[in-house]
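Engineer: Okay, here's the structure, questions in a sec.
Rule-based calculations on the coordinates, nothing more; no lab input. Note that the structure is a prediction, hence the values are computed from the model and not measured. Using ideal geometry, Cβ is built from the backbone for each residue, glycine included, and neighbour counts are taken over all protein chains shown.
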Amino acid sequence: MRLLNMLPFRMQLMLGKQLGNLLFRVAAARRHVAATNIKLCFPELSDDERATLLRKHFHSMGIMLFELGLSWWGRNQRLAALTEIEGLEHLEKAIAAGGGALLLGAHYTTLDISGHLLATQTDLTIRSMYRPHENPVIEYVMRRGRESYLDSLIPRDDIRGLIRSLRQNKVVWYAPDQHYEGKGSALVPFFGIPAATNTATSRIAKMGKTVVIPFSSVRKEDGSGYTLKLLPALDNFPTDDEVADATRIHHIFEAQIRHNAAQYFWVHKRFKRKRIGGEDPYKKPS
């Protein structure tokens, strides 16, 4: 990966798409999950349109693997030419106010590279919540790579560390868009489908006395780089209704995803319902 990182950016994109074609063929289980998610979330699309979106998603997955090398070993000067940031003033305003900021993101295939770009192409000090990998070798490589551009990583169960960082006027990236059935979860519509969701965003914002700023990143279609988008801090947030707050967050994610659906992380089982009494939509017909 480090050697491939030396190739021209557009060549990496081209090779990433070819790798995505290979993944599409060999990763049958993940292909089934992604196809199921796309069918559930975009019922208005025709079969051919969903098939095209699925193929483009795997292109994006292949490119993502090349972007890991860029985010871990890419030179900041080289990446600066690929970076466009919109709405940075919203984050700077939050830091100037002294209350930190909860950077509300989702799991896009551009996750790692956008974190690198936001951290290195601005003067911001950014921390991130993350889930440690079960494989110690992969965990070492990923943690070392991410800590090369982030101020620190906060394990996802370290809520005290998260709150402490916000009260220290830090920016913390947080993504509550994946399946969650633990304490503090609720069924919240995601593309109109009930999804087990972590409602902790409201509590974190309240305990951290901080603002919540939506963040998304898009890989430009013309291959010229990336657009990072920061929206104004959410007004009237949090409220006393955590489910309503989570629903509002999902609506924000939906709007971002519809803008460039192929780059969302569709291979995650977002609508897994088996353990909470519903049917498993990912079960293949016998």
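Engineer: Of the options 263, 186, 59, report the single residue whose Cα projects farthest towards the positive end of the charge dipole of the chain (beta-carbon charges: Lys, Arg +1; Asp, Glu -1).
Structural biologist: Going by the Cα projections, it comes out as 59.
Engineer: Next up: Step through the residues of segment 206-217 one at a time and calculate ³J(HN,Hα) from phi using the Karplus curve (6.51 cos²θ - 1.76 cosθ + 1.60, θ = phi - 60°), rounding each to whole Hz and writing x for Gly and Pro.
Structural biologist: 3J(HN,Hα) across segment 206-217, in whole Hz: 5, 5, x, 6, 10, 9, 10, 10, x, 9, 9, 9.
Engineer: Let me ask another. Which FRET efficiency, nearest 0.05, do residue 47 and residue 2 yield, Cβ-Cβ r, R0 25 Å?
Structural biologist: So the FRET efficiency works out to roughly 0.05.
Engineer: Would you work out which of 210, 28, 82 lies farthest towards the positive end of the dipole of segment 4-275, given +1 charges on the beta-carbon of Lys and Arg and -1 on that of Asp and Glu, about the Cα centre?
Structural biologist: Value computed over the given set: 28.
Engineer: Where does the charge balance sit around residue 127 when Lys and Arg score +1, Asp and Glu -1, over other residues with C-beta under 14 Å from its C-beta?
Structural biologist: Spelling it out: positives minus negatives among the neighbours equals +4.
Engineer: Going by Cα centres, segment 13-43 and segment 182-213 are how many Å apart?
Structural biologist: Going from one Cα centre to the other spans 28 Å.
Engineer: Related question: Fewest to most neighbouring Cβ within 10 Å: what's the order for 89, 44, 242?
Structural biologist: 44, 89, 242
Engineer: Same structure, new question: Where the only charges are on Cβ atoms (+1 Lys, Arg; -1 Asp, Glu), what is the dipole of the chain about its Cα centre, to the nearest 20 debye?
Structural biologist: Around 880 debye, computed over the chain.
Engineer: Using only Cα atoms, locate the centre of segment 137-158 and the centre of segment 80-117, then give the distance between them in Å, rounded to an integer.
Structural biologist: So the separation of the two Cα centres works out to 18 Å.
Engineer: Still on this structure, please answer the following. How big is the Cα convex hull of segment 123-238 in projection, averaged over all directions, in nm²? Kindly include the intermediate steps, with their values, before the conclusion.
Structural biologist: Working: hull surface 38.5 nm².
Averaged projected area of segment 123-238's Cα convex hull equals 9.6 nm².
Engineer: Would you mind calculating the gained length between residue 140 and residue 269 on full extension (0.36 nm times residue separation, minus the Cα-Cα distance), in nm to one decimal?
Structural biologist: 43.9 nm
Engineer: Counting Lys and Arg as +1 and Asp and Glu as -1, what is the net charge of the other residues whose Cβ lies under 14 Å from the Cβ of residue 38?
Structural biologist: Here the charged neighbours net out to +4.
Engineer: ³J(HN,Hα) across segment 117-132 via Karplus (A = 6.51, B = -1.76, C = 1.60, θ = phi - 60°), whole Hz, x for Gly/Pro?
Structural biologist: Here the 3J(HN,Hα) series is 5, 5, 6, 9, 9, 9, 9, 7, 9, 10, 10, 9, 6, 7, 9, x Hz.
Engineer: Okay, next question. Under the Karplus relation 6.51 cos²θ - 1.76 cosθ + 1.60, θ = phi - 60°, what is the ordered set of whole-Hz ³J(HN,Hα) values for segment 182-199, x standing for Gly and Pro?
Structural biologist: Rounded to whole hertz, the list is x, 4, x, 9, 7, 7, 10, x, 10, 6, x, 10, x, 10, 5, 9, 7, 9.
Engineer: Rounded to the nearest angstrom and ordered from largest down, what semi-axes does the equivalent ellipsoid of the chain get from its C-alpha gyration tensor (root of 5λ)?
Structural biologist: Value: 28, 26, 17 Å, ordered largest first.
Engineer: Taking a point 7 angstrom from the Cα of residue 178 along the C-beta vector, which residues in segment 116-152 have backbone N less than 13 Å away?
Structural biologist: 129-135
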